[in-house]
Amino acid sequence: MFNSQIESIEDADLILLVGVNPRTEAPVLNSRILKAITKKKTKVYNIGTAADLTYGYTHLGSNAGILNDINSGNHAVCEELKTAKLPLLIIGHDTLTRVDTQAILNASKQLANTYKFINAENGWNGYNVLHRNQGQINALELGIDFKPIAHNPKVIFLLGCDNNITP
């Protein structure tokens, strides 16, 4: 779920993107990030594929193990995260379809708690997952997993399906 309101992006003083390209996946979100950089000099870090996001950012690499390095305090970005007052974490949809999804989510949750991406004292929740469609959010809330079907189903109910389905 995207816990931060879109307007709150402009308040963030540090943004960590994990497996997301906001320019192609959520252009309005990307423009808010640009506004935060312009208005507040927000620092942006990216773990995942390097891309032209229309603004400057620091690419930390494309290996999901970087999250573990940050959690253990063995990464250069750790000091920046410790001093951030309103950090924002945005996890991309593609991280939910990987073999190591659970490890990435566990590491990102630990990161969110360690570096106060979630801070009850000031009411800040900067832990966000950017989904591509509402149906997936609803399915996740119902506990439906997105693992490939191992057999050939006889019937599939597609309610409000707006994506391509590949058998």
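Remarks
- The range 75-93, residues that are open to solvent by 70 Å² or more (accessible area, probe 1.4 Å) and touching a residue at least 40 places away in the same chain (Cβ under 8 Å): LYS85
- Members of the range 26-74 that are β-branched (Val, Ile, Thr), in contact (Cβ under 8 Å) with a residue 12 or more places away in the chain and open to solvent by 60 Å² or more (accessible area, probe 1.4 Å): VAL28, THR49, THR54, THR58
- Within the range 7-25, the set of residues being open to solvent by 60 Å² or more (accessible area, probe 1.4 Å) and either under 12 Å from the mean Cα position of the chain (by Cα) or free of Cβ contacts under 8 Å to residues at least 60 places away in the same chain (or both) comprises GLU7, ARG23, THR24.
The values are calculated or read from the model by the stated rules, or taken from the named source; none is laboratory data. Just so you know, these numbers come straight off a predicted model, no measurement behind them. Glycine also receives a Cβ, built like all others from the backbone with ideal geometry; neighbour counts cover every protein chain displayed. For accessibility, only protein heavy atoms count, side chains too; no ligands or nucleic acids. Shrake-Rupley method; radii C 1.70, N 1.55, O 1.52, S 1.80 Å.
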